[in-house]
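The values are calculated or read from the model by the stated rules, or taken from the named source; none is laboratory data. The model shown is predicted, which means the values in this text are computed figures rather than measured ones. Counting neighbours? That spans all protein chains shown, and the Cβs are built from the backbone with ideal geometry, glycine included.
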Amino acid sequence: MSASERDMGRGDERRRDRQVGDMTSTGTEIPWGVDSEHGRLRDVLLCRPDNFRWLPTSAISRATLESGRRYDPAAAERQHAELVAAYEEAGVRCHYLEPDPVLPYQVFARDSSAMTPWGPVITQLRQWWRRGEYAPAIRFYEGAGIPIFRMVTAAALEGGDVMLIEPGSVLIGAGEGRTQEPAARQLAGWFEEAGWEARIEPVPSRYVHIDVLVAIIADRLAAVCSEVVSTSLISWLRGKRFDLIEVAAGDAFRLGVNAVSLGAERVLSGAAATPLNQALRASGLEVLEPDLEMFTLGGGGAHCLGQALRRERLGG
């Protein structure tokens, strides 16, 4: 896609940006749910890091622990507050899971649910120390009056492996470490019943989830670690006319892909994701970049730390 074509798409996004609060300019309520990764973000689900600490949950956090680095809870609290401030600066309402003392990785609120156009899916986390995260997620949605769409029952599935590429197409990661193929197929089936295309992509355990390797940044613009993902995924994205920002495998491992599109030409990305952030600015995007080091060293970045609850719809 040419720069002028992408600018035309961003003009459409700016027109959508005139929507105010939870109502469109025509007075229609914006429903809970999302149909893309880049419609303007209105509400996000987070969890404060009250009980967070580093555990050997992945190759990323194991490398941190083996390096001798020490977790600093005061720094984590400051950095999470910086994340919240960035969302609020962008006009996004922040909602919170209730922290549970026995769930240290609950701060990565992306994983305990996956938002769809029809409401949230409650997931089933793979590791025993995260398995109980389903309970605070259910309590949140019930308390907020957001109807739960489905609950995963076939096997393990984590929200970081669910990515709504565009209205009508969902990418689901599955691999050796977290999301298992039977659950990926179960979720894919629910999307396919609604007429969506669902692609299941293998994820090497070293990279945990698909959102460590792929991020949808804006209309027809994605960040991708092409050294790791399949060539067929690259072809699939290009077939959908996506321009791709290449991120090296070493940077992806340090959560250098794990960004959140806020819509309206803005992106939330960790301060340490320097190659990606430079490329985003070169593409004309505004980048909000809080310091998230305590979380990236523990295995998750900006995208891992929040679950989109409501985005402006891009589909018909």
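Could you please give the count of residues in region 152-179 that are out of contact with any helix residue (DSSP H, G or I) (no Cβ under 8 Å at 6 or more places or on another chain), in contact (Cβ under 8 Å) with a residue 60 or more places away in the chain and part of a loop (DSSP other than H, G, I, E, B)?
First pass over region 152-179, keeping only residues out of contact with any helix residue (DSSP H, G or I) (no Cβ under 8 Å at 6 or more places or on another chain): 158-159, 164, 166-169.
Still in the running and in contact (Cβ under 8 Å) with a residue 60 or more places away in the chain: 159, 164, 166-169.
Among the residues that remain, those that are also part of a loop (DSSP other than H, G, I, E, B) are: 167-168.
Adding up the residues that qualify gives 2.
Regarding region 294-310, can at least one residue be identified that is in contact with an Asp or Glu (Cβ under 8 Å, 6 or more places away or on another chain), surrounded by fewer than 19 Cβ atoms within 10 Å (Cβ to Cβ) and modelled with pLDDT of 95 or more?
no
Can you find even one residue in region 191-205 that is assigned to a strand (DSSP E or B), surrounded by fewer than 19 Cβ atoms within 10 Å (Cβ to Cβ) and of a type in the set (S, T, N, Q)?
The answer is no; no qualifying residue exists.
So which helices (runs of 4 or more DSSP H) stay within region 211-316 end to end and still have 1 or more residues that are of a type in the set (Gly, Ala, Ser), more than 24 Å from ARG42 (Cα to Cα) and touching a residue at least 24 places away in the same chain (Cβ under 8 Å)? Working first, answer last.
Working: elements: 231-239, 249-253, 274-282, 293-296.
Filter on region 211-316 gives 249-253, 274-282.
Search region 134-179 for residues being in contact with a Gly (Cβ under 8 Å, 6 or more places away or on another chain) and among the small types (Gly, Ala, Ser), and hand back the single one that is farthest from ASP211 (Cα to Cα).
Filtering first and then ranking leaves GLY168.
Just one of VAL224, VAL228, VAL203 is at pLDDT 95 or above and either under 17 Å from GLU37 (Cα atoms) or charged (D, E, K, R) (or both); which is it? Walk me through it before giving the result.
On the way: VAL228 fails: either under 17 Å from GLU37 (Cα atoms) or charged (D, E, K, R) (or both); VAL203 fails: either under 17 Å from GLU37 (Cα atoms) or charged (D, E, K, R) (or both).
Result: VAL224 is the single residue among VAL224, VAL228, VAL203 that is at pLDDT 95 or above and either under 17 Å from GLU37 (Cα atoms) or charged (D, E, K, R) (or both).
Charged (D, E, K, R), within 26 Å of ARG178 (Cβ to Cβ) and over 14 Å from the mean Cα position of the chain (by Cα): is that true of ASP72 in this structure?
Values: charged (D, E, K, R): yes; within 26 Å of ARG178 (Cβ to Cβ): no; over 14 Å from the mean Cα position of the chain (by Cα): yes.
Here the answer is no, as ASP72 does not meet what is asked.
Given the criteria over 30 Å from LEU55 (Cβ atoms) and not aromatic (Phe, Trp, Tyr), does ILE210 qualify?
On the way: over 30 Å from LEU55 (Cβ atoms): no; not aromatic (Phe, Trp, Tyr): yes.
No.
For ARG220, only one of the following conditions fails: (1) out of contact with any Phe, Trp or Tyr (no Cβ under 7 Å at 6 or more places or on another chain); (2) basic (Lys, Arg); (3) surrounded by 17 or more Cβ atoms within 10 Å (Cβ to Cβ). What is its number?
Failing condition for ARG220: (1).
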